[in-house]
Structure formats: structure tokens, C-alpha cells
1. Mind running the shape call on the stretch 85-140? Use the C-alpha gyration tensor, a ≥ b ≥ c as the square roots of the eigenvalues: rounded below 1.5 for a/c, prolate if a/b tops b/c, oblate otherwise.
2. Tally Lys and Arg at +1 and Asp and Glu at -1 over the other residues with C-beta under 12 Å from the C-beta of Leu109: what net charge comes out?
3. Taking the Cβ of Glu204 as the centre, find all other residues whose Cβ is under 13 Å away and add up their charges (Lys, Arg: +1; Asp, Glu: -1).
4. Can you compute 3J(HN,Hα) from phi for each residue in the stretch 38-53, using the Karplus curve 6.51 cos²θ - 1.76 cosθ + 1.60 with θ = phi - 60°, rounded to whole Hz and x for Gly and Pro?
5. Please work out, to two decimal places, the log10 of the ratio I(q)/I(0) at q = 0.12, 0.13, 0.21, 0.22 Å⁻¹ from a Debye calculation in which every Cα of the stretch 1-109 carries one identical scatterer.
6. Which value does Rg/Rh take for the chain over its C-alpha atoms, Rh per Kirkwood?
7. Using the basic label-point model (7 angstrom from Cα toward the beta carbon), what is the Leu243 to Ala22 distance in nanometres?
8. Taking the dipole about the Cα centre of the chain, with the C-beta of Lys and Arg at +1 and of Asp and Glu at -1, give me whichever of Val126, Gly104, Cys218 is farthest to the positive side.
Amino acid sequence: MEVVVLADADEVARVAADRVVAAIRRRRSAVVGLATGSSPLGIYARLAGLVEAGGLDVTQVTGFALDEYVGLPADHPESYASVIRRTVTGPLGLDPARVHVPDGGAADLAAAAEAYERAIAAAGGVDVQILGIGANGHIGFNEPTSSLSSRTRVKTLAPRTRADNARFFATPDEVPTHCLTQGLGTILEARELVLVAHGETKAEAVAAAVEGPLGSMCPASVLQLHPRAGVYVDEAAASRLRLVEYYRHTWAHKPEWQRS
Ligand code: F6R
């Protein structure tokens with residue numbers, strides 16, 4: 001796993017966006033896995049800036065969101081379908097038909113989950129998956145004790161996750177209790193993983209994911225199984241890492257040919 005400790009959230013976004021840009025430049029029709037939440041917003045803003053400046057062609061890119069709330073109307077401003085439209089599809093000028101979000105409003109959620117898995121497979125799998133991390137170590141909405149080989153399915157949101165996401169809703173009670181999320185096994189099939197985190201509230205989860213034992217108590221620790229996983233964190237999110245000097249040394253000495 002590559003662990004890169006950077007000065008601040010802007011640097012995290014810059015370096016992580018470079019990974020995504022490299023994947024799109026390697027393959028114009030790249031399939032990009034999209035996280036929602038605050039963490040990846042800087043990446044999307046950078047990508048949008050590059051597109052606007054004519055430095056990045058995303059016309060052939062396909063996107064798959066990680067997750068969606070169950071029970072919110074798709075046009076609710078905090079549904080992930082709306083969030084993805086607002087923060088990714090619109091700013092990057094992506095064709096909406098190429099950007100997929102699990103159907104959290106489906107009458108048959110199990111069937112919707114299976115359909116989502118089939119859609120990812122039909123697109124040829126995800127080339128680069130952008131990830132945030134929950135303060136409890138979740139990725140997607142794979143809460144602690146999620147199976148490490150889980151597939152897209154319905155999950156019950158942990159109380160901690162509902163509390164953390166209450167900032168997006170008028171009252172905490174409005175945060176949905178359930179979601180559809182790609183599984184850890186689904187996420188692991190992406191060809192490259194790019195996880196970003198900033199702020200002290202993520203420090204414990206980042207340390208557990210990177211240096212803790214592999215296990216379902218910290219779902220993000222599943223990145224340890226992936227051959228091409230990068231973790232990009234600011235100083236605050238890195239503050240509980242024991243090998244922080246080693247990560248700095250490794251980044252400072254990374255050969256140029258490995259940087260793209
Ligand atoms: C959202 C998602 C979640 C978030 C995580 C961190 O699609 O997959 O795992 O990445 O909850 O959220 P923020 O970035 O808002 O702190």
C-alpha cells in the first residue's frame with residue numbers, strides 16, 4: 001500500500017486527482033468509481049478545472065457511485081444521485097447516461113443490488129476507485145463487521161455514520177437508516193484504489209486501516225489486500241500513524257517513473 005502524508009487537504013486533492021487523471025489518460029474510456037461525502041470534493045474540483053482548461057477529456061469516462069441511501073427520493077438534494085449530479089456529473093460535463101448510482105428507491109432492493117453488480121461488470125470493471133473513510137473505518141457504507149468479500153447489498157447505517165452525516169440534513173432523524181452499498185469484495189475488484197482523508201477525526205480510522213490488523217472491525221483495512229492501493233492523507237489524518245517518517249521517506253524517494 002502506498003501511504004502519502006501531505007501538508008493539507010488541497011495537497012491531498014492534488015496528488016489523489018493526479019492518480020485519477022493518470023488512469024483516464026491511460027484509457028480515455030476509463031471507469032471511475034465515485035465516492036460521495038466531503039473527502040473527494042477537492043478531487044472533483046481539480047478534475048473539473050482540468051476539463052474546463054482543456055487539459056482532460058472525460059467524454060468517454062463512465063462513473064459508478066459507491067452507495068446510495070435507501071428511501072430518499074432520487075431528487076432529494078442529499079440523495080447521492082443528486083450529490084453526484086451536483087459535484088461530479090455537472091462540473092465535469094459528464095454524460096449523465098454514463099454515471100450510475102445504486103437505485104435506493106427500488107421496490108426490490110436485492111434485485112437493484114444485483115443489477116448494479118452486473119452493470120459494473122458490463123462496463124468492464126472499475127479502473128480507479130475513489131474512496132473516503134468513515135470515522136469508524138467504513139468504506140462505501142460497509143460498516144464494521146461487514147464481510148470482507150461482501151457484494152453490493154442493503155446495509156443498516158451505524159449510529160456513528162448517521163450522526164456524522166446529520167450535518168447534511170435539517171435534523172438528525174432525517175438521515176436514512178439504510179443504504180445500498182458496493183461491498184468490500186466489489187471494491188477490491190477495482191484495478192486501483194485511491195483513498196483520501198483529512199482532519200483529526202479520521203486519524204484513528206486511517207491508522208487502523210493502514211497499520212492495524214486486517215479485519216472487519218475496520219473495513220478499510222481490506223485495502224491491505226489490494227495490489228494497487230494508495231492512501232493520501234493530510235498531517236492531521238496521519239497523526240496516529242506509527243510509521244509516518246517511513247511514509248515521508250518513501251514518498252520523497254519515489255522514482256519519477258512510478259509517479260504516473
Ligand atoms: C460515501 C462513502 C463514505 C464516505 C465516508 C467519509 O459515498 O462511501 O464511505 O466516504 O463516510 O465521508 P466524508 O468524506 O464526508 O467524511
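Read the figures in this text as sums done on the coordinates, not as results from a lab. All figures in this text were calculated on a predicted structure; none of them were measured in a lab. Every residue, glycine as well, gets a Cβ built from its backbone with ideal geometry; the counts of neighbours run over all protein chains shown.
1. Note, shape of the stretch 85-140 comes out rounded.
2. Once positives and negatives cancel, what remains is -2.
3. In short, +2.
4. 6, 4, x, 4, x, 5, 5, 5, 5, 4, 4, x, 5, 4, 4, 7
5. -0.43, -0.50, -1.14, -1.22
6. We get a ratio of 0.94 for the chain.
7. Inter-label distance under the simple model: 1.9 nm.
8. Of the candidates, Val126 comes out farthest on the positive side.
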